Amino acid sequence: APNSRFSSGSFTDGMSNTICASEIKAFTPGAAGSKLGTDTLPSVSDVSGYASGGGATFSGNGHSEWVDGKWQNETLLPFNNDNYSCGHPALAPDGKHLYFVSNMPGGFGATDLYVVEKQDTGWGKPENLGQDINSKGNEMFPWVDAQGILYFASNGRGGVGGLDIFQVDPNPDVVGDSTNLGAPINSAYDDFGFILDQQAGVAFFTSNRLGGQGDDDLYAATQLIRWEGQVIDSAGQPLADVLVDLREGRSRTQLTTDENGRFVTGLKPGAAYLLFLKMPGLKDQRIEFKASTTMATGAWMMLRE
């Protein structure tokens with residue numbers, strides 16, 4: 001997301017790596033109403049095989065209604081077809097736009113991302129999200145955050161390796177190039193199934209990277225505040241090559257200022273930090289602060305000893 005990045009991925013306590021994609025449901029916002037699910041989807045362990053040309057398949061987006069305390073009246077959505085597959089449904093926060101994956105004719109690659117609008121009279125016609133998003137490879141696992149930013153996995157747009165996770169604003173008035181989330185979210189292996197708890201600032205995703213406990217494992221990563229700082233001298237001139245020593249608990253990050261006296265780093269929201277600025281011939285600076293999303297760019301002056 002803009003003005004943020006992610007810390008190192010780590011295992012999510014108590015979460016299993018045996019969840020199947022066929023068990024994942026996308027619900028309409030609210031306690032009651034309707035839900036969208038999948039009729040038949042591959043297990044998560046089949047996804048990498050499918051993406052690399054294996055034989056896994058998926059078929060059918062379904063709709064159910066909440067009646068008398070339980071889900072009933074399950075039906076397939078009208079754009080399903082026996083001649084091609086549809087799956088990986090993700091309902092946008094507005095409850096009206098459904099993003100999904102399909103290999104229907106007319107696409108740009110093996111599997112493309114589509115969106116369909118729920119209208120008063122039913123579901124509209126699915127629209128391909130176009131070449132700005134879809135590639136010659138596989139686009140899969142869409143998810144939309146509260147701001148309407150679309151996250152998805154692709155193996156056809158280059159990147160770190162295998163399936164990588166990307167983000168893009170799908171609004172046709174502002175759509176631009178898809179942004180690769182980069183490391184540590186993406187690895188040289190398959191990374192997919194990204195969702196973000198924006199209130200907690202934590203992202204969850206699936207990966208078959210080395211070091212896991214199974215084939216595909218669930219990971220969590222903390223969203224960081226992008227923070228910029230600048231160091232100047234008593235005349236207001238930027239100071240290059242100042243050692244920036246940032247400490248938070250047992251964590252420590254060291255970097256140096258650039259030719260404009262600036263540095264950029266990521267901060268955990270709400271965390272308490274100690275910042276040390278050091279340069280030969282100048283007095284050391286020690287600053288204490290607490291990270292927040294409203295922090296302005298920091299500016300400090302270093303005086304001669």
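The values are calculated or read from the model by the stated rules, or taken from the named source; none is laboratory data. Only a predicted model underlies this, so the values are computations on that prediction, with no experimental measurement involved. Methodologically, a virtual Cβ is constructed for each residue, glycine included, from the backbone with ideal geometry; neighbour enumeration extends over all protein chains shown.
Here are the criteria: (1) without any contact (Cβ under 8 Å) to a residue 24 or more places away in the chain; (2) assigned to a loop (DSSP other than H, G, I, E, B); (3) touching a strand residue (DSSP E or B) at 6+ places or on another chain (Cβ under 7 Å). Tell me which single one Asn134 does not satisfy.
Status for Asn134: all satisfied but (1).
Within the range 75-104, count every residue that is part of a strand (DSSP E or B), more than 15 Å from Trp123 (Cα to Cα) and either at pLDDT below 85 or of a type in the set (A, V, I, L, M) (or both). Give the steps one after another, and end with the answer.
Kept after step one, since they are part of a strand (DSSP E or B), are these residues of the range 75-104: 75-76, 81, 84, 86-91, 97-102.
Applying the additional criterion that residues be more than 15 Å from Trp123 (Cα to Cα) yields 84, 87-88, 101-102.
Then drop every residue that is not either at pLDDT below 85 or of a type in the set (A, V, I, L, M) (or both), which leaves 101.
So the count comes out to 1.
Scanning for something surrounded by fewer than 14 Cβ atoms within 10 Å (Cβ to Cβ) and within 14 Å of the chain's Cα centre (by Cα), does the range 123-134 turn up at least one residue?
Checked against the condition, which is being surrounded by fewer than 14 Cβ atoms within 10 Å (Cβ to Cβ) and within 14 Å of the chain's Cα centre (by Cα), the range 123-134 yields no hits at all.
Could you check how many residues of the range 187-210 are part of a loop (DSSP other than H, G, I, E, B) and in contact with a Phe, Trp or Tyr (Cβ under 9 Å, 6 or more places away or on another chain)? Give the steps one after another, and end with the answer.
Here is the first cut: in the range 187-210, the ones part of a loop (DSSP other than H, G, I, E, B) are 187-190, 198-201, 208-210.
Right, trim to in contact with a Phe, Trp or Tyr (Cβ under 9 Å, 6 or more places away or on another chain) and you get 208-210.
The qualifying residues number 3.
Scan the range 211-232 and give yes if some residue there is in contact (Cβ under 8 Å) with a residue 12 or more places away in the chain, charged (D, E, K, R) and touching a helix residue (DSSP H, G or I) at 6+ places or on another chain (Cβ under 7 Å), otherwise no. Give the steps one after another, and end with the answer.
Residues of the range 211-232 in contact (Cβ under 8 Å) with a residue 12 or more places away in the chain: 212-232.
Next cut, charged (D, E, K, R) only: 215-217, 226, 228.
From what's left, touching a helix residue (DSSP H, G or I) at 6+ places or on another chain (Cβ under 7 Å): 215-216.
Checking the range 211-232: at least one residue is in contact (Cβ under 8 Å) with a residue 12 or more places away in the chain, charged (D, E, K, R) and touching a helix residue (DSSP H, G or I) at 6+ places or on another chain (Cβ under 7 Å).
Which numbered condition in (1) loosely packed, with under 14 Cβ neighbours inside 10 Å; (2) part of a strand (DSSP E or B) is the only one that Tyr273 fails?
Every listed condition holds for Tyr273 apart from (1).
Here is a check on your reading of the model: is Gly229 touching a Pro at 6+ places or on another chain (Cβ under 6 Å) and either among the aliphatic types (A, V, I, L, M) or at pLDDT below 95 (or both)? Talk me through it step by step, then tell me what you get.
Values: touching a Pro at 6+ places or on another chain (Cβ under 6 Å): no; either among the aliphatic types (A, V, I, L, M) or at pLDDT below 95 (or both): yes.
Spelling it out, it is not the case that Gly229 is touching a Pro at 6+ places or on another chain (Cβ under 6 Å) and either among the aliphatic types (A, V, I, L, M) or at pLDDT below 95 (or both).
If I ask for residues that are under 22 Å from Val144 (Cβ atoms) and small (Gly, Ala, Ser), which ones from the range 183-216 would you list?
Filtering the range 183-216 for residues under 22 Å from Val144 (Cβ atoms) gives 185-186, 190-207.
Within the range 183-216, Gly193, Ala200, Gly201, Ala203, Ser207 meet the criteria.
Give Asp112, Asp169, Asp191, Asp145 a once-over and let me know the one that is modelled with pLDDT under 85, surrounded by 14 or more Cβ atoms within 10 Å (Cβ to Cβ) and among the acidic types (Asp, Glu).
Details: Asp112 fails: modelled with pLDDT under 85; Asp191 fails: modelled with pLDDT under 85; Asp145 fails: modelled with pLDDT under 85.
The unique qualifying residue is Asp169.
Does the range 137-173 hold any residues that are more than 15 Å from Asn103 (Cα to Cα), in contact with a helix residue (DSSP H, G or I) (Cβ under 6 Å, 6 or more places away or on another chain) and not in a loop (DSSP other than H, G, I, E, B), and which are they?
none
Would you check which residues across the range 201-224 are in contact with a Pro (Cβ under 7 Å, 6 or more places away or on another chain) and surrounded by 21 or more Cβ atoms within 10 Å (Cβ to Cβ) and list them?
To start, the set of residues in the range 201-224 that are in contact with a Pro (Cβ under 7 Å, 6 or more places away or on another chain) comprises 201, 221.
Within the range 201-224, Ala221 is the sole residue that qualifies.
Return the only residue of Val264, Val231 being part of a strand (DSSP E or B) and closer than 22 Å to Ala203 by Cβ.
On the way: Val231 fails: closer than 22 Å to Ala203 by Cβ.
Selected residue: Val264, the only one of Val264, Val231 that is part of a strand (DSSP E or B) and closer than 22 Å to Ala203 by Cβ.
Mind telling me which of the residues Asp241, Asp245 ends up being of a type in the set (Asp, Glu), in contact with a Phe, Trp or Tyr (Cβ under 8 Å, 6 or more places away or on another chain) and free of Cβ contacts under 8 Å to residues at least 60 places away in the same chain? Even if it seems obvious, please write down each step before you answer.
Numbers: Asp241 fails: in contact with a Phe, Trp or Tyr (Cβ under 8 Å, 6 or more places away or on another chain).
Answer to the check: Asp245.
For the condition surrounded by fewer than 14 Cβ atoms within 10 Å (Cβ to Cβ), more than 22 Å from Gln198 (Cβ to Cβ) and at pLDDT 90 or above, what is the one hit in Asp258, Asp245, Asp241?
Working: Asp258 fails: surrounded by fewer than 14 Cβ atoms within 10 Å (Cβ to Cβ); Asp245 fails: surrounded by fewer than 14 Cβ atoms within 10 Å (Cβ to Cβ).
Step by step, each of Asp258, Asp245, Asp241 is checked, and only Asp241 is surrounded by fewer than 14 Cβ atoms within 10 Å (Cβ to Cβ), more than 22 Å from Gln198 (Cβ to Cβ) and at pLDDT 90 or above.
Residue check: is Leu218 aliphatic (A, V, I, L, M), within 30 Å of Trp143 (Cα to Cα) and modelled with pLDDT of 90 or more?
Details: aliphatic (A, V, I, L, M): yes; within 30 Å of Trp143 (Cα to Cα): yes; modelled with pLDDT of 90 or more: yes.
Spelling it out, Leu218 is indeed aliphatic (A, V, I, L, M), within 30 Å of Trp143 (Cα to Cα) and modelled with pLDDT of 90 or more.
Report whether or not Gly159 is free of Cβ contacts under 8 Å to residues at least 60 places away in the same chain and either in contact with a His (Cβ under 9 Å, 6 or more places away or on another chain) or within 21 Å of Met104 (Cβ to Cβ) (or both). If you could, list the steps in order and put the result at the bottom.
On the way: free of Cβ contacts under 8 Å to residues at least 60 places away in the same chain: yes; either in contact with a His (Cβ under 9 Å, 6 or more places away or on another chain) or within 21 Å of Met104 (Cβ to Cβ) (or both): no.
When the stated conditions are applied, Gly159 does not pass them.
Count, please, the residues in the range 276-301 that happen to be assigned to a loop (DSSP other than H, G, I, E, B), in contact with an Asp or Glu (Cβ under 7 Å, 6 or more places away or on another chain) and closer than 17 Å to Glu228 by Cβ.
1
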